[in-house]
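Note sheet for the following structure.
The values are calculated or read from the model by the stated rules, or taken from the named source; none is laboratory data. Predicted, not measured: the structure shown is a model, and the values here were computed from it. Positions of Cβ are backbone-derived with ideal geometry, glycine not excepted, and every protein chain shown enters the neighbour counts. Ligands, DNA and RNA are excluded from the accessible area calculation, which covers all protein heavy atoms including side chains. Shrake-Rupley method; radii C 1.70, N 1.55, O 1.52, S 1.80 Å.
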Amino acid sequence: MSAQSQVPVIAIDGPSGSGKGTIARNVASRLGWHLLDSGALYRLVALAATRDGLPLDDAEKLAEVARNLEVQFDSDNSGGEQIWLSGSIVTDEVRTEECGKGASTVAPLQPVRTALLTLQRGFRRMPGLVADGRDMGTHVFPDAGLKVYLTASAGERAKRRHKQLKGKGIDVSLAALSRDIEDRDRRDSERLVAPLRPAEDARILDSSSQSIEAVTRTVLDWASDL
Ligand code: DC
């Protein structure tokens, strides 16, 4: 058994807006484990490629971008997340809808996924890793000790996103957001390569009518025997 495979992993997968990011961050922070936000890596590939003027359908060039991605995750002075790309802070850019769309365009390309596999597995370090994404339990960490598939209804996810954007002073209609979420769900789950679906041994958790704290506690409770 390799040293890396002895590092415990909690895989949290699910559609956008299900609360995966928040739950993964809470669980990692309470356990004192590392965190992998794999969606951010796909967003960073799209962002880096756009900056280099590359079209988002050139699989080989995009894979090269992914292989050479110079990325760092840390926290700012107030504990908020900070994402660096090639030496500059791109935290806000990475979270835009445009970058999300770019990410979902590059994500179906197999060479990009293969290039990101090594990078993602490198996050597996002691004392443990909480990995958030779409295929953490199915492809990246199939041996994860706990696999959670976090869902919420499309309407609830659109409402959450709407509130989040409003908080940032961004005004988008709820109907347009719902359409975007449904379109992205369809692209993510119908794609041939690593489609969004629960691993066979995943525990399904519907967060539609639950507080963040309740969902965090459920995951921590399931993780207690890891
Ligand atoms: O979770 P997110 O919104 O940051 O993800 C952005 C896009 O990246 C999303 O459309 C799906 C894709 N993605 C993926 O294909 N595999 C992952 N492990 C994470 C994200």
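Here D171 meets each of (1) farther than 16 Å from D132 by Cα; (2) assigned to a helix (DSSP H, G or I) with one exception, condition (2).
State which residue is most open to solvent (accessible area, probe 1.4 Å) when the search covers only region 83-122 and only residues that are of a type in the set (S, T, Y) and either closer than 24 Å to N26 by Cα or not in a helix (DSSP H, G or I) (or both). Going through the qualifying residues, I end up with S86.
For (1) of a type in the set (S, T, N, Q); (2) under 22 Å from I10 (Cβ atoms); (3) touching a residue at least 24 places away in the same chain (Cβ under 8 Å); (4) in contact with a helix residue (DSSP H, G or I) (Cβ under 9 Å, 6 or more places away or on another chain), each residue gets a yes or a no:
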site: V130; (1), (2), (3), (4): no, yes, yes, yes
site: T138; (1), (2), (3), (4): yes, yes, yes, no
site: D143; (1), (2), (3), (4): no, yes, yes, yes
site: A202; (1), (2), (3), (4): no, yes, yes, yes
site: D206; (1), (2), (3), (4): no, yes, yes, no
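G80 fulfils the conditions (1) among the small types (G, A, S); (2) open to solvent by less than 60 Å² (accessible area, probe 1.4 Å); (3) over 21 Å from G169 (Cα atoms) except for a single criterion, (3). A single member of S211, S173, S224, S178 is within 16 Å of the ligand (Cβ to nearest atom), among the hydroxyl-bearing types (S, T, Y), surrounded by fewer than 18 Cβ atoms within 10 Å (Cβ to Cβ) and without any contact (Cβ under 8 Å) to a residue 40 or more places away in the chain, and it is S178.
Only one of the numbered conditions (1) within 16 Å of the ligand (Cβ to nearest atom); (2) within 28 Å of D180 (Cα to Cα) is not met by V9, and that is (2).
Comparison of L196, L205 shows that the only residue that is out of contact with any Cys (no Cβ under 9 Å at 6 or more places or on another chain), open to solvent by less than 30 Å² (accessible area, probe 1.4 Å) and in a strand (DSSP E or B) is L205. Among residues of region 133-161 being outside any loop (DSSP other than H, G, I, E, B) and under 15 Å from R121 (Cα atoms), the one that is most open to solvent (accessible area, probe 1.4 Å) is H139.
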